[in-house]
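To start, the structure itself, in structure tokens.
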Amino acid sequence: MWEGADVRHVTVAAVQLSSGSDVESNVTRAIDLIALAARQGATYVQVPEYFNYLGPPKSFERAAEPIPGPTTDRMADVAREVGVTLHLGSLLERSPIAGKFFNTSVLLSSTGDIIATYRKIHLFDVDLPGEIVHRESDATAAGDELVVANLTLFALGMTICFDVRFPELYRALASEGAELFAVPAAFNAVTGAAHWDTLIRARAIENHAFVVAAAQVGTTNEGIATYGHSMIVDPWGVVVGQSLTNQPEVVMATIDLDEVLRRRHQIAVMQYRRPDLYGSGVRITD
């Protein structure tokens, strides 16, 4: 153990779901698996992006809620009953913009209080002809704030799904103290097979941080296909927990948060950064 470090162990869980357009069914299934994670010793539990509604935008108006609202109130009761810090990966939040909604994470304490909210800042607009064409921004408003939530045992950097392709976001969160990154996702099956594992491990390695990534898996009745492979990765890039099924399940790991301090001490990427140069322009030669 790195001299001077305090041992901080915590058992974390990533709940993998196969959500669809039935909100009640989705929430009930999530509650069952959250309770299972708690019984197995988890004290931080994360569910995926769009955990309570994964369906077509035409029904966003019906599924969207204020925060706090009915779903966050219900899940606050769950967090209180099972005694976990509960990360609601995301749900549709009503916005002041007509026809648009926020994709919002909500972090609940074990007493049921809202600790933090994060609105997804990078929206999934992609055009892969013959594979996937999607514009999340058509019905979703982007957030404009980065969030680090200081919990009792660790500082949590909050992100959602497509955010994982933007390393500058994670470096900014790490620079503000984040030791564990949350990446709840409904990652597309096509791009997931190509990039998911690599991106999750890269964000852990380059910042020497833990990553918990709870994911949606399977194909909905409306044809939304998600990759799954929920993961927990340590600051050296080692996968310490991963789903190997195409079913809803709980992925768990007991992690030592002081591993973040050890790795950042061994390879001091934060200390050796040169922000004085990064914004000064690039010399281009012929």
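The values are calculated or read from the model by the stated rules, or taken from the named source; none is laboratory data. This structure is a prediction, so every number in the text was calculated from the model and none was measured. So basically every Cβ, Gly included, is an ideal-geometry build from the backbone, and we count neighbours across all protein chains shown.
Below is a table of values for the structure above.
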| quantity | calculated |
| --- | --- |
| Meets criteria (under 21 Å from R74 (Cα atoms), surrounded by fewer than 20 Cβ atoms within 10 Å (Cβ to Cβ), hydroxyl-bearing (S, T, Y) and modelled with pLDDT of 95 or more) for T117 | no |
| Lone qualifier among R62, R29, R39 - being surrounded by 14 or more Cβ atoms within 10 Å (Cβ to Cβ) and basic (K, R) | R29 |
| Selection status of S21, touching an Asp or Glu at 6+ places or on another chain (Cβ under 8 Å) and at pLDDT 95 or above | yes |
| Selected residue (only one of S243, S230 is under 25 Å from T191 (Cα atoms), in contact (Cβ under 8 Å) with a residue 40 or more places away in the chain and in contact with a His (Cβ under 8 Å, 6 or more places away or on another chain)) | S243 |
| Residue list for the stretch 70-103, filter: farther than 13 Å from A182 by Cβ and either touching a residue at least 60 places away in the same chain (Cβ under 8 Å) or of a type in the set (V, I, T) (or both) | T71, T72, V78, V82, V84, I97 |
| Scope the stretch 124-136; condition surrounded by fewer than 18 Cβ atoms within 10 Å (Cβ to Cβ) and within 19 Å of the chain's Cα centre (by Cα); matching residues | D125, E136 |
| Residues of the stretch 206-242 satisfying the condition of being surrounded by fewer than 20 Cβ atoms within 10 Å (Cβ to Cβ), among the polar types (S, T, N, Q), assigned to a loop (DSSP other than H, G, I, E, B) and modelled with pLDDT of 95 or more | T220 |
| Near pairs, Cβ below 8 angstrom, 6+ apart or cross-chain, from the stretch 107-118 (more than 20 Å from V183 (Cα to Cα) and in contact (Cβ under 8 Å) with a residue 24 or more places away in the chain) to any residue that is outside any strand (DSSP E or B) and among the hydrophobic types (A, V, I, L, M, F, W, C) | S110/A79; S110/V84; T111/A79; G112/A76; G112/A79; D113/A76 |
| Criterion violated by T28 - all others in (1) within 18 Å of A142 (Cα to Cα); (2) at pLDDT 95 or above satisfied | (1) |
